Amino acid sequence: MNNFKANYKKLPPEFNIFLVLLGLALLFEILGWIFIGQSFVANKRRLIIMILQVSVIGIIAVGVTQVIIMAGIDLSGGSLVALSAIVAASLAQNSSYTKAVYPHLTDLPYIIPVLAGVACGLFAGFLSGNIIARTGIPPFIATLGMLVSARGASTWYNNGMPVSFLNDDFIALGQGVWPVVIFLSVAALFHILMRYTKYGKHTYAIGSNEEAARVAGINITRHKIIVYSIAGGLAGLAGVVTAARAMSAQAGMGMMYELDAIAAAVIGGTSLFGGRGRIAGTLFGVLILGVITSGFVFLRIDAYYQEMVKGAIIVGAVVVDQIRYKKKNTKDKDI
């Protein structure tokens, strides 16, 4: 028994989250056979659709995770998805349509609208980071302001009208497995950066103890701006993928995405007190949200119950995090 406990403690923290994921899948499998006589796990099409649906949330969650590890918060992700989607889509319209309305426009290489969408989110994150780092305004207030402003800008940009008739090269980015490939690539990249580079070490240091990090010579202002800029850029990338998947863009896109992304990070073990969390855990958190949503649809349960369950899960995860935080502080005081 002692050997088992010792070996269990050596396992990465994400292992517990993985067990939760397996437990949820097993629960829906059992409920599926009991109530509708079907398998939840065996339906490959359902699982593929689930992963595709959570990929956009996952891209945002990777950026949000870094912000939360730094003891910050970012509420602007969903609005930046809408704004970036509108901007990217407006530059990716099919020439057969745009020539009839704007004769001087022609098809642009798909990389231009992609970069424009990412740059839009990056700039918004840069603004939020500067406001937070240079004025001392709480991140909650600064990013809440960006949430409202970006949503308004996305409506203003095209007078509230949707953008359609996108060219095939741009649309291809959101079709098939590409959203999943983009999500996993982003997750892998930042997993490496957070674990093995100075960027990650500084992010954890600021989240653990900002004053100690400042004394250690870390440029707090610059690093906060970089982290919020990255989070904004990833939200912009999510907006590009969303527009490509939907083959259009409108100002109402991305509603509540920021809360799903925060939920995925918290469920994945990222502490709202800062200084603790991993991208791998967030990946499992995203999948847990996907399993819950897909499972409720599979059992034909009304959609509003999904939001209620998500809310309960978020509160539960925060309560567990707070208990761990208090225990850690108690141990530190005893030492």
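The values are calculated or read from the model by the stated rules, or taken from the named source; none is laboratory data. Worth saying up front: this structure is predicted, and the values here are computed from it rather than measured. Cβ coordinates were reconstructed from backbone atoms using ideal geometry, including for glycine residues, and neighbour counts include every protein chain displayed.
Put simply, of ALA263, ALA238, ALA231 the only residue that is in a helix (DSSP H, G or I), touching an Asp or Glu at 6+ places or on another chain (Cβ under 8 Å), under 23 Å from VAL148 (Cβ atoms) and hydrophobic (A, V, I, L, M, F, W, C) is ALA231. Determine whether the stretch 300-309 contains at least one residue that is assigned to a loop (DSSP other than H, G, I, E, B), in contact with a helix residue (DSSP H, G or I) (Cβ under 6 Å, 6 or more places away or on another chain), farther than 24 Å from GLN66 by Cβ and aliphatic (A, V, I, L, M). The answer is no; no qualifying residue exists.
Taken over the stretch 114-161, residues that are free of Cβ contacts under 8 Å to residues at least 40 places away in the same chain and at positive phi amount to 2. ALA238 meets the conditions (1) at pLDDT below 95; (2) under 20 Å from the mean Cα position of the chain (by Cα) in every case but one. The failed one is (1). Checked against (1) surrounded by 14 or more Cβ atoms within 10 Å (Cβ to Cβ); (2) at pLDDT 80 or above; (3) on the phi < 0 side of the Ramachandran plot, GLY277 meets all criteria but (3). Identify the single condition in (1) of a type outside the set (D, E, K, R); (2) within 18 Å of the chain's Cα centre (by Cα); (3) closer than 16 Å to VAL62 by Cα that ALA244 does not satisfy, given that it satisfies every other one. So ALA244 meets the others, but not (3).
Across the stretch 301-319, a minimum of one residue is classified as among the basic types (Lys, Arg), within 26 Å of ALA142 (Cβ to Cβ) and in contact (Cβ under 8 Å) with a residue 40 or more places away in the chain.
Across the stretch 40-58, which residue is farthest from MET256 (Cα to Cα) among those that are out of contact with any helix residue (DSSP H, G or I) (no Cβ under 6 Å at 6 or more places or on another chain) and not in a helix (DSSP H, G or I)? Only one residue fits best here, namely ALA42.
So that you can scan it fast, the table gives a plain yes or no per residue for (1) in contact with a helix residue (DSSP H, G or I) (Cβ under 9 Å, 6 or more places away or on another chain); (2) under 17 Å from ILE279 (Cβ atoms); (3) of a type in the set (A, V, I, L, M); (4) touching a residue at least 12 places away in the same chain (Cβ under 8 Å):
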position	(1), (2), (3), (4)
ILE171	yes, no, yes, yes
VAL180	yes, yes, yes, yes
PHE190	yes, yes, no, yes
THR197	no, yes, no, no
TYR204	yes, yes, no, yes
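For the stretch 145-179, a residue qualifies if it is of a type in the set (A, V, I, L, M), surrounded by fewer than 16 Cβ atoms within 10 Å (Cβ to Cβ) and in a helix (DSSP H, G or I), and the qualifying residues are VAL148, ALA172. Looking across the stretch 293-313, just one residue is in contact with a Leu (Cβ under 8 Å, 6 or more places away or on another chain) and surrounded by fewer than 17 Cβ atoms within 10 Å (Cβ to Cβ), and that is LEU299.
For the stretch 247-285, the set of residues classified as among the hydrophobic types (A, V, I, L, M, F, W, C) and within 30 Å of ASN167 (Cα to Cα) consists of MET247, ALA249, ALA251, MET253, MET255, MET256, ALA261, listed by residue number. Restricting attention to the stretch 241-260, the residues being assigned to a helix (DSSP H, G or I) and either surrounded by 24 or more Cβ atoms within 10 Å (Cβ to Cβ) or not hydrophobic (A, V, I, L, M, F, W, C) (or both) number 8. Taken as a whole, the structure leaves VAL215 outside the set of residues that are touching a helix residue (DSSP H, G or I) at 6+ places or on another chain (Cβ under 7 Å) and surrounded by fewer than 18 Cβ atoms within 10 Å (Cβ to Cβ). Here PRO103 meets the list (1) at pLDDT 95 or above; (2) not in a helix (DSSP H, G or I) almost entirely, failing just condition (1).
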